[in-house]
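A short reminder: the numbers here are calculations on the coordinates, not readings from a lab. If you're wondering where the values come from, they're calculated on a predicted model, not measured in any experiment. For neighbour counting, all protein chains shown are included, and Cβ atoms are generated from backbone atoms with ideal geometry for every residue, glycine included.
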């Protein structure tokens, strides 16, 4: 599927929401604007659980003026964009403490509310927090989110994929991103026009919901530069020098972009948890379509400048892995591997039982034995904890490269 039709697309997070409503008083669905949160939660409107959007200015002002009265009037509700009224969270806390019946409140937020101190204190321990990101590859194709299960069981099809998405088709799929509105646009140019307007609106309107920024005029330039560093370890001082900001200010502004679900920092893997805290993280965007827009990358440009494809493809894989993990009830740890010899693995997934999966991304249609160098180094580090090493590539066959080592088509993700 290359386009999103106007019909409803089932989201893999839906199962976790249904489970949480059965035993938890409040559920918060965090995620970026326009990723499909409203469409998802509107399914849960009932006679006793009405829907309210705090994007409606009159309602927002009324809630800010009397949050306790609003909650008393609506003891069960769906409240969209709750980050716009932090005052409401204390009223919800009191209501939940007095009545812990499950399924009372279903909230959405377009900022990472748990990263906002004034809100996190109100929410902690009282509601389940789930993350909804833009549409995943498997959701677009109406397939189950079973990639992790297949990696663990090493249950890969022996035959070639029947309808593989390869080469230019894969490029168009990745650059279209996962935002439903963006994918409905008819051409790459129209999609990028939507993405540019989306990012402008986000910076002009929503930044103030998550931080007080003295000079927001620097944010677009910094975001564009960050897009060019996706998959890399950023040098804050160098980045700040290029945009006229101090390194600490760059760090702060990148944190704002994280709270708005535009990018995320990927930690380095270590056998010891404390070691992960001292190693420098990589920077990754959460949507390849937005990253491609900021770097002015188009399907036609990639026909002549293929060397620019790798970083965007890696960003797409990163986002797809996050979407798989958000739908999985297990708490996986996602990181990257780099050792003293600069041998790397793009992504390392660690299960709660400390099982290790390594994933390399290759933007080519051919896989060589040498492409498994980093995965074999990771296997030597992990020994019996190592489950499988995967090279994701632009092909149509699942190929074994020895015990636990596989070349897997990108489409399988």
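Just want the ordering: 284, 168, 272, from fewest to most Cβ atoms lying within 10 Å of their own Cβ.
Result, fewest neighbours first: 272, 168, 284.
How many nm is it between the label spots at residue 373 and residue 162, if each spot is 7 Å from the Cα in line with the beta carbon?
The modelled label-to-label distance comes out at 4.0 nm.
Gain in length, residue 211 to residue 233, computed as 0.36 nm per residue apart minus the alpha-carbon separation, to one decimal in nm? Don't skip to the end; give the middle numbers.
On the way: separation 22, 0.36 × 22 = 7.92 nm, distance 2.43 nm.
Result for the pair: 5.5 nm of gain on full extension.
With the cut-off at 1.5 for a/c, could you classify region 131-170 from its C-alpha gyration tensor as rounded, prolate or oblate?
Numbers: a/c = 2.35, a/b = 1.08, b/c = 2.18.
Oblate, because a/c is 1.5 or more while a/b does not exceed b/c.
So how far apart, in nm, are the two label points at residue 400 and residue 186 if each is 7 Å from Cα heading toward Cβ?
5.0
Report, to the nearest 10°, how far helix 247-259 tilts away from the longest principal axis of the Cα atoms in the chain, using its own Cα long axis and a range of 0 to 90°.
The answer is roughly 80 degrees.
Plugging the Kirkwood radius over Cα pairs into Stokes-Einstein for the chain, at a temperature of 10 °C and a viscosity of 1.306 mPa s, what D comes out in µm²/s?
Estimated via Stokes-Einstein, D reaches 71 µm²/s.
So which residue, out of 64, 37, 323, gets the largest mean-square fluctuation from a GNM of the chain using Cα contacts under 10 Å as springs?
In the Gaussian network model the winner is 64.
Ranked by Cβ crowding within 10 angstrom, fewest neighbours first, how are 204, 350 ordered?
204, 350
Angle check, please: helix 87-98 long axis (alpha carbons) against the longest principal axis of the chain (alpha carbons), in degrees 0 to 90, nearest 10.
Around 80 degrees separate the two axes.
Once you order the gyration tensor axes a ≥ b ≥ c over the Cα atoms, which shape class does region 14-131 get: rounded for a/c under 1.5, otherwise prolate or oblate by comparing a/b with b/c?
Because its axes are fairly even, with a/c under 1.5, region 14-131 counts as rounded.
Helix 373-382 against the longest principal axis of the chain: what's the angle in degrees, Cα atoms only, rounded to the nearest 10?
70
Give the order of 101, 218, 42 when sorted by the count of other beta carbons within 10 angstrom, beginning with the fewest. Write out the running numbers ahead of the final one.
Working: 101 9, 218 17, 42 13.
Least to most surrounded, the residues fall as 101, 42, 218.
Which one, 255, 125, 31, has the greatest fluctuation when you compute a Gaussian network model over the chain with C-alpha springs under 10 angstrom?
Of 255, 125, 31, the most mobile in the Gaussian network model is 125.
Starting from the Cα gyration tensor of region 334-413, take the square roots of the eigenvalues, sort them a ≥ b ≥ c, and report rounded, prolate or oblate (rounded when a/c is under 1.5, otherwise prolate if a/b is larger than b/c, else oblate).
Prolate, since a/c reaches 1.5 and a/b exceeds b/c.
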